[in-house]
Amino acid sequence: MKSFFGSLAAVLAFAVSAAIAQKPPPDAAPVTAAPPRALRYRFVPERSSVTFEVPTTFRVVRGKTIAWQGEVEVEPSTPGTMNGALRIRADSLETGNARRDLDARDKVLEASKFPEIVFHAKSYKGDLSHFDAGTTVTAEIAGDLKIHGVSQPIQTSVECAILPDHVFVAGAVPVFWKSFGVRDMSRWYMRIKEPMLVVFRLWAVPE
């Protein structure tokens with residue numbers, strides 16, 4: 001076992017030193033570029049999906065929500081900055097088990113006290129200079145996720161397909177739910193594990 005960890009450490013050290021040594025050329029293109037025009041979109045829940053997967057001792061519990069809304073704005077004058085929000089009703093999470101859903105709503109999320117789960121997008125890294133119909137853009141999005149009254153920084157990679165009348169945004173993000181101070185409903189015979197994976201496929205229309 002010691003030799004395994006020793007070998008792993010050596011590999012990691014080599015990878016880090018190689019990454020440091022491989023500096024980009026001075027004329028490398030910038031990581032972030034603004035769009036050619038202001039982008040303002042509203043998400044359409046009826047054509048989108050927001051699902052989640054929670055690992056447990058025996059299986060993965062899968063669920064969804066359809067009670068949410070959101071929008072996003074990006075201005076060409078402020079590259080790297082965005083203003084977006086995704087607001088989910090905390091009492092709307094469904095896993096197909098009524099008793100489990102009731103516990104999640106009342107004991108874990110305490111939805112009567114904290115009625116919304118909110119992701120606020122603040123920044124992006126990616127080239128949006130060719131944000132036009134027929135193209136696909138990949139970007140890193142960073143912001144704050146608020147659950148149970150507690151905000152934590154979070155980031156994820158998204159793929160955005162631009163079509164003539166709408167945009168389709170897809171991605172997934174791991175959420176370490178214990179950091180939000182929610183109740184752990186694990187039992188001696190079954191543990192609820194981290195992270196929870198949130199998967200989103202969002203249809204957005206221009207405003």
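Every residue in region 126-153 that is among the β-branched types (Val, Ile, Thr) and over 30 Å from Phe114 (Cβ atoms), please.
Correct list: Thr135, Thr136, Val137, Thr138.
For Asp144, indicate whether it is within 25 Å of Glu194 (Cα to Cα), in contact with a strand residue (DSSP E or B) (Cβ under 8 Å, 6 or more places away or on another chain), charged (D, E, K, R) and assigned to a strand (DSSP E or B).
yes
Is at least one residue of region 181-197 surrounded by fewer than 17 Cβ atoms within 10 Å (Cβ to Cβ), touching a strand residue (DSSP E or B) at 6+ places or on another chain (Cβ under 6 Å), of a type in the set (Lys, Arg) and under 26 Å from Ser77 (Cβ atoms)?
Within region 181-197, none of the residues are surrounded by fewer than 17 Cβ atoms within 10 Å (Cβ to Cβ), touching a strand residue (DSSP E or B) at 6+ places or on another chain (Cβ under 6 Å), of a type in the set (Lys, Arg) and under 26 Å from Ser77 (Cβ atoms).
Report, by residue number, each residue of region 115-143 that is farther than 18 Å from Phe52 by Cα and either charged (D, E, K, R) or over 20 Å from the mean Cα position of the chain (by Cα) (or both).
Passing the criteria: Lys122, Lys125, Asp127, Ser129, His130, Phe131, Asp132, Ala133, Gly134, Thr135, Glu140.
So if I check each of Ala161, Ala121, which one is surrounded by 15 or more Cβ atoms within 10 Å (Cβ to Cβ) and assigned to a strand (DSSP E or B)?
Result: Ala121 is the single residue among Ala161, Ala121 that is surrounded by 15 or more Cβ atoms within 10 Å (Cβ to Cβ) and assigned to a strand (DSSP E or B).
So is Ala139 surrounded by 13 or more Cβ atoms within 10 Å (Cβ to Cβ) and either in contact with a Lys or Arg (Cβ under 7 Å, 6 or more places away or on another chain) or without any contact (Cβ under 8 Å) to a residue 12 or more places away in the chain (or both) or not?
Yes: the conditions hold for Ala139.
Any residue in region 110-128 that is within 10 Å of Ile147 (Cβ to Cβ) sitting within a Cβ distance under 9 Å of a residue that is among the polar types (S, T, N, Q) and in a strand (DSSP E or B)? List the pairs, counting only those 6 or more apart or interchain.
Ile117/Thr65; Val118/Ser151
Among the residues of region 48-90 satisfying the criterion of being more than 18 Å from the chain's Cα centre (by Cα) and of a type in the set (S, T, N, Q), which is nearest to Lys113 (Cα to Cα)?
Once the filter is applied, the top-ranked residue is Thr56.
Taking the options Val44, Val54, name whichever one is surrounded by 14 or more Cβ atoms within 10 Å (Cβ to Cβ), within 27 Å of Lys125 (Cα to Cα) and either modelled with pLDDT of 95 or more or not acidic (Asp, Glu) (or both).
Just one listed residue meets the conditions, Val44.
The values are calculated or read from the model by the stated rules, or taken from the named source; none is laboratory data. Every value quoted in this text rests on a predicted model; they were computed, and no experiment measured them. Cβ coordinates were reconstructed from backbone atoms using ideal geometry, including for glycine residues, and neighbour counts include every protein chain displayed.
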